[in-house]
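Remarks on the structure that follows.
The values are calculated or read from the model by the stated rules, or taken from the named source; none is laboratory data. Quick caveat: nothing in here was measured; it's all calculated off a predicted structure. Here the Cβ is made from the backbone with ideal geometry for all residues, glycine too, and neighbour counts use every protein chain on show.
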Amino acid sequence: MVPLKQDIFGVRIDSLTRQQAAQAGAALLDQPDFHYAVTPNPEFLLAAEKDPEFRAILNGADLTLPDGIGVIYAARILGRPLQGRVTGIDFAGDMLARLQATGGRLYLLGAKPGVAQLAGENIVRQYPGLVLCGTRDGYFQDPEAVAREIAQAKPDLLFVCLGAPKQEKWIAQWGPLTGARLAIGLGGVLDVYSGQVERAPERFQKLGLEWAYRLWKQPSRIGRMAKLPLVLVKAAKGRVTKGD
Ligand code: UDP
């Protein structure tokens, strides 16, 4: 299966259903060499425009999944629609299910001290059969030492939750050293799995209003959320300038 990619502000995003993304991820986990997946939201797209290194890392990923509803809307406005939204947390869940089926090994990197361990305990309860081979918080000085420590745990799947673009830059530079088959940049996902941050109820998710729920729960995110309409305005401008 050759996934179709759509260029959204210079970032090539995979146009896949959630099921196709899960299949593609499972195929990567079956191969012995290193791969990585990224989950851009509107903030990523704006940051990547100003940061060529970040953009190249996003474009170098084996899977680039549209996490934010803003990416889906921007793609539609640009006339390059994507098949669907594949959130980082849904993709993470599908990869955990795959690991459970194969008895694979999981390492969790990121978030405040104690959070990854708590998230790991909850994940093991939810997906018994996978092996939690290590956890580490995301506040470290020596990125190479962290990669070497992870390599000793021999993970198949690695969640990297340091916030963007830090997590993608860490993955691109140090990921291959870990020996993992698939690393995924997943932002605040460990905070959710640990139970510290609640995911939006399903009815919000279905309506594409997860961002509104998060804003309601954490009003301090308003500055970051403003990136969503900004991306839509940019997409509309791009479309008008192109004259189609
Ligand atoms: N984080 C980290 N190390 C850092 C900075 C951030 O581990 O140096 C963690 C932070 O504790 C949080 C996650 O990275 O768990 C980023 O969460 P955020 O809500 O920014 O991610 P989003 O899902 O919005 O991209």
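The number of residues in the stretch 1-30 that are in a helix (DSSP H, G or I) and within 19 Å of ASP90 (Cβ to Cβ) comes to 12. All but one of (1) closer than 24 Å to ARG125 by Cβ; (2) near the ligand (Cβ under 9 Å from one of its atoms); (3) surrounded by fewer than 16 Cβ atoms within 10 Å (Cβ to Cβ) hold for GLN218, so report the exception by its number. The failed condition is (1).
Being assigned to a helix (DSSP H, G or I) and either of a type in the set (Asp, Glu) or without any contact (Cβ under 8 Å) to a residue 24 or more places away in the chain (or both) is the requirement here; does ARG214 meet it? Criteria met by ARG214. Within the stretch 183-211, the residues that satisfy the criterion of being assigned to a loop (DSSP other than H, G, I, E, B), within 30 Å of GLY60 (Cβ to Cβ) and at pLDDT below 85 are VAL197, ARG199, GLY208. Within the stretch 127-159, if we keep just the residues that are of a type in the set (Asp, Glu) and under 22 Å from GLY103 (Cα atoms), the residue that is surrounded by the fewest Cβ atoms within 10 Å (Cβ to Cβ) turns out to be GLU149. A single entry from ALA75, ALA26 fulfils the requirement of being surrounded by fewer than 19 Cβ atoms within 10 Å (Cβ to Cβ) and of a type outside the set (S, T, N, Q): ALA26.
Every residue, every condition in (1) more than 11 Å from the ligand (Cβ to nearest atom); (2) under 17 Å from the mean Cα position of the chain (by Cα); (3) surrounded by fewer than 17 Cβ atoms within 10 Å (Cβ to Cβ), yes or no:
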site	(1), (2), (3)
CYS161	no, yes, no
LYS169	yes, yes, no
LEU186	no, yes, no
GLY195	yes, no, yes
GLU202	yes, no, yes
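For the stretch 84-105, filtered to residues that are under 16 Å from the mean Cα position of the chain (by Cα) and over 10 Å from VAL189 (Cβ atoms), the residue that is surrounded by the fewest Cβ atoms within 10 Å (Cβ to Cβ) is GLY84. Checked across the stretch 108-117, the condition of being over 17 Å from VAL192 (Cβ atoms) and outside any loop (DSSP other than H, G, I, E, B) holds for no residue. Does ASP137 meet the test of being farther than 22 Å from PRO40 by Cβ and in contact with a Pro (Cβ under 7 Å, 6 or more places away or on another chain)? Judged against the criteria, ASP137 is a match. Quick one: would you say VAL124 is part of a helix (DSSP H, G or I) and surrounded by fewer than 24 Cβ atoms within 10 Å (Cβ to Cβ)? The answer is yes for VAL124.
Do we have PRO42 as buried (at least 24 other Cβ atoms within 10 Å of the Cβ) and touching a helix residue (DSSP H, G or I) at 6+ places or on another chain (Cβ under 8 Å) here? In short, yes.
Cβ-Cβ distances below 9 Å connect the following pairs, each with a first residue in the stretch 31-52 that is assigned to a strand (DSSP E or B), a second residue that is of a type in the set (Lys, Arg), and a separation of six or more residues or different chains: HIS35/ARG181.
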